Amino acid sequence: MQDAQTWHYGVIARYWAEFNDDFRPHELPYFQRRIEDGGEPALDVGCGTGRLLVPYLRAGLDVDGCDVSADMVALCREKAEREGLSPRLWVQPMHELDPPRKYRTVYVCGAFGLGSTRAQDLAALRRFYDALEQDGTLFLDIEVPYADEPVWRYWPNKERAALPEEARPPSGRQRAADGSEYGLWARIVDLDPLEQRLTYEMRAQLWRDDELLEDEQRTLHINLYFKNELVLLLERAGFEEVVVEGDHNGAAATPEDAFVTFAASRRC
Ligand SMILES: C[S@@+](CC[C@H](N)C(=O)[O-])C[C@H]1O[C@@H](n2cnc3c(N)ncnc32)[C@H](O)[C@@H]1O
């Protein structure tokens, strides 16, 4: 199997650490409640720079984290250590997940289907199952393909002929706490509706005192999944019971939800 590839390295990883702590804040209490109800220990797969993990550790929860990007893991560790916390973190693609202990709760937020093949995604679901204790639960979210309008409009052949989108310069820079500035912009370069595979290209720049210090370009493939397809994959991976909830709200999913969460239980 080829390696999973993401774009969360270098300048993009530092951008995440700097600016993404307040991203989609309702996800934080959603997964926290699942850990509190479902049980510890918990594992954050694709933990990134610790947007969820660090607050959970701060709240006294027993949570480990792993991620394919060594840069994201290093920044997560730095963030935790600044608060006197020392989580168990490691670098590993989710399709090769091999944790040092079993979990009551495994959660995957914003990380499933990134840079992987579909075979790797199914392998990852099997690894999540194996990582759970009996009666443990996996919580995994996806953005449904039709919710992202700028992408959804490219599904018909006629519209898709316009791809790749034109490369445009960033509309502005964001200032970090240390005074450096980040410019970040992405474009869609391909969408394969048969394979449900989207390809983005991202350009990331780091500036200081109007001097360009770093300029990176990275590509990200995303496997797009619809609800019923993922339910079938979870069942194929061994999960005995799958409940689909709405956008991190605990209610049953509806067609209006942009994100859905799968609560998949291991019964034996
Ligand atoms: C959008 S970020 C989300 C980070 C974190 N879960 C959060 O919600 O803030 C996606 C993360 O998934 C990680 N990732 C992508 N593909 C992965 C894979 N195949 N295995 C493990 N982690 C992966 C990336 O490195 C990145 O840190």
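Residues in the stretch 210-246 that are part of a loop (DSSP other than H, G, I, E, B), closer than 28 Å to Pro193 by Cα and without any contact (Cβ under 8 Å) to a residue 40 or more places away in the chain: 1 in all. Screening Glu27, Glu18 for residues that are buried (at least 16 other Cβ atoms within 10 Å of the Cβ), out of contact with any helix residue (DSSP H, G or I) (no Cβ under 7 Å at 6 or more places or on another chain) and closer than 19 Å to Ile142 by Cα leaves exactly one candidate, Glu27.
How many residues are surrounded by 13 or more Cβ atoms within 10 Å (Cβ to Cβ) and either farther than 22 Å from Asn223 by Cα or free of Cβ contacts under 8 Å to residues at least 24 places away in the same chain (or both) when one looks only at the stretch 156-174? Final tally of qualifying residues: 3. Of the residues making up the stretch 35-51, those that are surrounded by fewer than 22 Cβ atoms within 10 Å (Cβ to Cβ) and at pLDDT 95 or above number 3. Being within 16 Å of the ligand (Cβ to nearest atom), surrounded by 15 or more Cβ atoms within 10 Å (Cβ to Cβ), in a helix (DSSP H, G or I) and not small (Gly, Ala, Ser): is that true of Leu184 here? Judged against the criteria, Leu184 is not a match.
Rundown of residues vs (1) of a type in the set (A, V, I, L, M); (2) touching a strand residue (DSSP E or B) at 6+ places or on another chain (Cβ under 7 Å); (3) on the phi < 0 side of the Ramachandran plot, yes/no style:
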{"position": "Trp207", "(1), (2), (3)": "no, yes, yes"}
{"position": "His221", "(1), (2), (3)": "no, yes, yes"}
{"position": "Leu233", "(1), (2), (3)": "yes, no, yes"}
{"position": "Asp247", "(1), (2), (3)": "no, yes, yes"}
{"position": "Ala253", "(1), (2), (3)": "yes, yes, yes"}
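The values are calculated or read from the model by the stated rules, or taken from the named source; none is laboratory data. Source: prediction; values computed, not measured. Please note: Cβ atoms are built from the backbone with ideal geometry, for glycine as well, and neighbour counts cover all protein chains shown.
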